[in-house]
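Accompanying notes for the structure given below.
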Amino acid sequence: MTFIELGALIALLALFAATVSPAFVRLAENQRAYRFRSEALALCAQARERALETGADVTVSFQDGEGPMVATVLADGEDEVLAQASVPESVVPENAGTWTAVFHPDGTAEAEPLEVSDGGGVRYLVVRGDGRVGWFDEPPEEQETRWRAGDYEQRT
């Protein structure tokens, strides 16, 4: 092999590495974001289960407004951390400082949607009133209030 051939080979390998490496970086970031979304769902499910078991409200929020997502229950006057989900650097929760989900002992829950930006776009963690939790690609629409008989308006 001559030096010219060797130089051409090295240039081709460098070009190949330059085009392939960003894809691997994106793949790793997407994997971390997917892991966070899975852990957040599991954390909320665990919080709901614990609320049903103990008969006490369980809160899911971000520690110090930007740290890991934690599930806590008030025990003996102090917050006891049940579990946590770490937030990777590529995942940015928009309203992490104010977002809180509360799971009640009767299985119900209340929370505003959590908007999360990651390498794949924006996703929303939605906690429904019946305690179900899920990720959605679009913001949830405001649902109309349904009254006891299934009507959209309260009868007088």
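Its alpha carbons considered, segment 1-78 gives a radius of gyration followed by a Dmax of 24.5, 78 Å. Note: relative contact order over segment 1-151, using C-alpha pairs below 8 Å and six or more positions apart, is 18 percent. Separation of segment 53-114 from segment 1-26 is 47 Å, based on Cα centroids. Computed as a quarter of the hull surface, the mean projected area of the alpha carbon convex hull for segment 3-136 stands at 10.0 nm².
Per-peptide packing, taken as the mean over residues of other Cβ atoms within 10 Å, places 33-44, 121-132 in the sequence 33-44, 121-132 from highest down. Distance between the 7 Å Cα→Cβ label points at residue 1 and residue 117: 4.5 nm.
With each label modelled as a point 7 angstrom along the Cα→C-beta vector, the residue 21-residue 106 pair spans 5.8 nm.
Dividing the summed helix terms, -39500 (n - 2.57) for each DSSP H run of n ≥ 4, by the number of residues in the chain produces a 222 nm estimate of -12500 deg cm²/dmol to the nearest 500.
Read-outs throughout are calculated quantities, based only on the coordinates presented, and are distinct from any laboratory measurement. Computed from a predicted model, the values in this text were never measured in an experiment. Don't worry about glycine lacking a Cβ; one is built from the backbone with ideal geometry, like all the others, and counts go over all protein chains shown.
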